[in-house]
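Computed from the coordinates by the stated procedures, all read-outs in this text should not be read as laboratory data. From a predicted model like this one, the values you see are computed outputs, not experimental measurements. Methodologically, a virtual Cβ is constructed for each residue, glycine included, from the backbone with ideal geometry; neighbour enumeration extends over all protein chains shown.
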Amino acid sequence: MKKKKRSGGGANWMDTYGDMVTLLLCFFVLLYSMSTISEENWKALVMSFNPDAVETFTATPGGDGPDAEADEAGGQMKIDAELEVLYQELSEYVQQQGMQNNISVTKDGGRIFISFSQVVFFDGDSPVLKREAEPVLDELCLMLDGAKESIDEVRVLGHTAQADPDRPNSVRTDRTLASMRATNVVIYVQEHSGIDPAKLVSEGLGQWKPVDTNETSEGRARNRRVEMIVSGRNLEQELQGGIANLETT
């Protein structure tokens, strides 16, 4: 009499175990791929599972941690170093050209302040750039290009002086002249440098931000000026701004 074969329970158990190991392997492969997936692909993956998912991503998966902080710190150090080089180049140029009386360069934190006397760029009440101004602006553009990736903004401010100490300037004339001077400087920089135009800003402040008295001709000469403020990028603020934008979408 032949013995009845036992059912294949053991084989079924082995098949189930094999399936489980395969699933675990797939799971770990998925985890690994998520560690290097781009933010766009990560979002697409989540949305494919849940189209109603709310975007609350604060960074690319796998992008947080000590390495990310080290990259940010290193990037900020590079930006600060390039701004320092720009400051030194500007200062040396002013000294070499003997223009200390008409151009001043100072630095405060992540910003460089350049003040140009009216005579460097303009004649009298004219908003038209002098030909003599072009070599100065050309050198400035070259130096700005060397640090363009580290620059967040270049803001140009036009200032006038109150010609008659007893009577304010015409508001229309004063504001228009100051604005046109700042704008013409910005136009020249945009046309002769590689700075992103979105980083260039012009403002006309007129007579309302004097640095000296309008009672003397020397004081009025100091007040008639064009200022340029070069601001360096702040990676921490950029990161915070990016997070805020994601959370509000």
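Some notes on this structure:
- By the count of other C-beta atoms within 10 Å, a proxy for reagent exposure, K107, K130 are ordered fewest to most as K130, K107.
- Label sites at N234 and Q190, each approximated as a point 7 angstrom past Cα along Cα to Cβ, lie 2.6 nm apart.
- For M20, M99, order by how many other beta-carbon atoms lie within 10 Å, fewest first: M20, M99
- Pairwise FRET efficiency - K209 versus T173, Cβ, R0 = 25 Å, nearest 0.05: 0.90
- Length gained on full extension, Q100 to L24, computed as 0.36 nm times the residue gap minus the Cα-Cα distance: 20.2 nm.
- Overall, the range 68-237 carries a charge dipole of about 760 debye about its Cα centre when +1 sits on the Cβ of Lys and Arg and -1 on the Cβ of Asp and Glu, all other atoms neutral.
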